[in-house]
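**Student:** The structure that follows is given in the form of structure tokens.
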Amino acid sequence: MSNYKTPGVYIREISTLPASIAAVETAIPAFIGYTAIAEKEGESLNLVPTRISSMLEYESYYGGPNNESIIIEVEDTYDGQDTQPAVMIDRKVTVSHPTAISEYKMYYSMRLFFANGGGPCYIISVGTYSNPVAPGSDAPPANLLGGLSILEKVDEPTLIVFPDYMDMDVYAGVYNAALAQCEKLKDRFVIMDLKGASGDPFEDADDFRNTGIGMSDLKYGAVYYPDLKSALNYGFDPTIQVNISINYIGSGTPTGLPADSTPALNSLESSNPSLFRTIHAEIRKIYIDVPPSGAVAGVFARVDSQRGVWKAPANVDIRGIIGPVFKISHEEQANLNVDPSSGKSINVIRTFTGKGTLIWGARTLAGNDNEWRYVPVRRLFIFIEESIKKATEFVVFEPNDANTWLRVKTMIENFLTGLWRDGALAGAKPDDAFFVNVGLGVTMSPIDILEGRLIVEIGIAAVRPAEFIILKFSHKLQES
């Protein structure tokens, strides 16, 4: 109410435009795993959710990859005559990794995330490379489950990714807890890896469905298979020793014949640059296998940016890789894509002639659920629900009357109309695509109003991906 007591001119600005809904971000992943370091400007980032937007930031705060075991063998063959200088006639350089590759894949996953269109994201380092990838007590939270618990307090992330390799017994506990968090908060989605070790699609699928995941909250996650053979080189320790062995095939005793030696690789850069370059070229021929979740998160971000969250992140190429670690046939995928007993659909990554490596599936783990079968449908609803939730917070403690109801209804209808125009909702006209109901006798009773409840009912017709393209052909008889 205005209070005019002094003569003069008074200005009142009247708002005639309805409040609008700002769309929330849809592809802000949180990567939970192990890093080389965790430090920013002298402060520890261990178990501290940190927002970054580039690989340069990641390397600055979290370092590089874990140094893998590499054996470098150099075999030089010399020939010569008595009292004459020995001449090297052949050199063979062999680089190999004798042991299993480590579990720590965060660094490589981040490289693929940004290569595939990823942008802002959160990193939660739960330990350095000396720690085992296994859940334990989350008090203090020094493991994957602890990192997940901390993530619950961060509002912005919309995707959850665990890029490190986990055994199946670890897998179930971590992913079940992540799905439970998504169900509780209803604002995020889990991108999973089927970390099967057998290489047999049927065996890996059975292990995953039987022991790798439970039956709760499946609509909030999607799993991808198999691992990817990346175009990224192994991390290695530059001080690693090079085993140089000398073979002599001459009959005499020449001069200048070197002895066997084991110099450090980095010392060769100055003492024998030619050999150093040869060894480095051989190391660059070895590529590391990486679980697909990091690359898939990047594809989610790219598709959301270019098309929208309602577009299925499938039939889309994966960048920065050579291909899947093994090829899956059309017949093998049938068993992975649809499982009549448990649902638990597995999205396959396949290679196609002339097209490259594509994500060839867009199902959530709730593969038998007609409402939440598809990834874009689940994520579209998360996007709409979270956008409307944040935009309508101003209504709290406003009068619960027709004026407030009209403002809320108009605001939501304008937002949904915009989505319909963008192609996110199905229907020839807005009335076919959605409805918004609010009011006394419509969504609320007098008791609801007395108890302070403003209830809005929203119905949305989401577009669904065309998963099976069926072409029907018949013979048409000649007419002339």
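**Student:** Just to confirm a number: summing +1 for Lys and Arg and -1 for Asp and Glu over residues other than residue 36 whose beta-carbon lies under 15 angstrom from that of residue 36, what do you get? Before the final figure, lay out each step's value.
**Tutor:** Working: positive: 40, 105, 111; negative: 39, 57, 59, 68, 103, 164, 237.
Every neighbour counted, the sum reads -4.
**Student:** Given the DSSP H assignment, sum -39500 (n - 2.57) over each helix run of at least 4 residues in the chain and divide by its residue total; what's the result at 222 nm in deg cm²/dmol, nearest 500?
**Tutor:** Values: 13 runs with 138 residues, N = 480.
Result for the chain, helices only: -8500 deg cm²/dmol.
**Student:** Can you compute the charge dipole magnitude of the chain about its Cα centre, using +1 on each Lys and Arg Cβ and -1 on each Asp and Glu Cβ, nothing else charged? Give it in debye, rounded to the nearest 20. Could the numbers behind the result be given before it?
**Tutor:** Working: 41 positive and 58 negative charges, 363 e Å.
In debye, rounded to 20, the chain gives about 1740.
**Student:** Next up: Want the number for residue 478 to residue 83: 0.36 nm per residue separation, take away the alpha-carbon distance, what's left? List each step's numbers first, then the result.
**Tutor:** Working: separation 395, 0.36 × 395 = 142.20 nm, distance 9.47 nm.
Here the segment from residue 478 to residue 83 would lengthen by 132.7 nm.
**Student:** How far apart, in nanometres, would the label points at residue 342 and residue 184 be if each is projected 7 angstrom from Cα along the Cα-to-Cβ direction?
**Tutor:** Output for this residue pair reads 2.5 nm.
**Student:** Multiply the residue separation of residue 99 and residue 237 by 0.36 nm, subtract the distance between their alpha-carbon atoms, and state the gained length in nm to one decimal. All intermediate terms of the calculation are to be shown ahead of the outcome.
**Tutor:** Details: separation 138, 0.36 × 138 = 49.68 nm, distance 1.52 nm.
Computed gain between residue 99 and residue 237 is 48.2 nm.
**Student:** Residue by residue, what Karplus-based ³J(HN,Hα) values in Hz, rounded to whole numbers, does the range 263-277 have, using 6.51, -1.76 and 1.60 with θ = phi - 60° and x for Gly and Pro?
**Tutor:** 3J(HN,Hα) across the range 263-277, in whole Hz: x, 6, 4, 5, 6, 5, 4, 9, 7, 8, x, 5, 5, 4, 5.
**Student:** Can you give me the C-alpha center-to-center distance between the range 1-51 and the range 66-109, rounded to a whole angstrom?
**Tutor:** For the range 1-51 versus the range 66-109, the Cα centre distance is 54 Å.
**Student:** If neighbour count is taken as other Cβ atoms inside 10 Å, put 121, 182 in order from fewest to most. Could the numbers behind the result be given before it?
**Tutor:** Values: 121 28, 182 21.
Placing the least packed residue first, the sequence is 182, 121.
**Student:** Could you pull out which residues in the range 256-275 have an amide N less than 11 Å from a spot 7 Å beyond the Cα of residue 246, following the Cα-Cβ vector?
**Tutor:** From the range 256-275, the list is 256-261.
**Student:** If you don't mind, another one. May I ask for the net charge around residue 251, where only other residues with Cβ less than 12 Å from the Cβ of residue 251 are counted and Lys, Arg are +1 while Asp, Glu are -1? Don't skip to the end; give the middle numbers.
**Tutor:** Values: positive: none; negative: 79, 82.
Local net charge: -2.
**Student:** Something else about it: Quote to one decimal, in nm, the extra length available between residue 210 and residue 270 on full extension: 0.36 nm per residue of separation minus the C-alpha distance between them.
**Tutor:** Gain in length upon complete extension: 16.1 nm.
**Student:** Can you pull the three principal axis extents for the Cα set of the range 77-217, in Å, largest first?
**Tutor:** Sorted from largest, the Cα extents of the range 77-217 read 82, 36, 33 Å.
**Student:** Taking the Cα atoms of the range 396-460, report the difference between the largest and smallest coordinate on each principal axis, in whole Å and largest first.
**Tutor:** The principal-axis extents, from largest down, are 39, 18, 14 Å.
**Student:** Starting from the 7 Å offset along Cα-to-Cβ, what nm value, one decimal, do you get for the label separation of residue 257 and residue 20?
**Tutor:** 8.3 nm
**Student:** Report the local net charge at residue 373: Lys and Arg +1, Asp and Glu -1, summed over other residues whose C-beta lies under 10 Å from its C-beta.
**Tutor:** On the way: positive: 219, 363, 378, 464; negative: 369, 371, 467.
Net local charge, residue 373 excluded: +1.
**Student:** From the phi angles alone, apply the Karplus equation (6.51, -1.76, 1.60; θ = phi - 60°) to the range 24-34 and give each ³J(HN,Hα) in whole Hz, x where the residue is Gly or Pro.
**Tutor:** Result, ordered by residue: 7, 5, 10, 10, 10, x, 10, 9, 10, x, 9 Hz.
**Student:** Would you pull out the residues with amide H under 5 Å of residue 247's amide H, same chain only if 5 or more places away, H placed 1.01 Å from N?
**Tutor:** 76, 77, 78
**Student:** Considering only Cα-Cα distances, which of the following residue pairs are longer than 25 Å: 219/389; 285/311; 184/390; 311/355?
**Tutor:** Details: 219/389 20 Å; 285/311 36 Å; 184/390 17 Å; 311/355 20 Å.
Long pairs (Cα-Cα over 25 Å): 285/311.
**Student:** For residue 40, go through the aspartates and glutamates and keep the ones whose alpha-carbon is under 13 Å away, minus same-chain ones fewer than eight residues off.
**Tutor:** List returned: 57, 59.
**Student:** Most exposed first by the Cβ proxy, i.e. fewest other Cβ within 10 Å, how do 44, 293, 345, 387 rank? List each step's numbers first, then the result.
**Tutor:** Values: 44 11, 293 30, 345 26, 387 19.
The fewest-first ordering by Cβ neighbours comes to 44, 387, 345, 293.
**Student:** Points 7 angstrom from Cα along the Cβ direction at residue 13 and residue 406: gap in nanometres?
**Tutor:** 2.3 nm
**Student:** Put one equal scatterer on each alpha carbon of the range 142-300, apply the Debye formula with no solvent term, and list log10 I(q)/I(0) at q = 0.09, 0.10, 0.15 1/Å to two decimals.
**Tutor:** -0.50, -0.57, -0.87
Any read-out appearing in this document is the output of simple, stated calculations on the displayed coordinates, not a laboratory observation. Keep in mind that this is a model prediction, so the values were computed, not measured. Every residue, glycine as well, gets a Cβ built from its backbone with ideal geometry; the counts of neighbours run over all protein chains shown.
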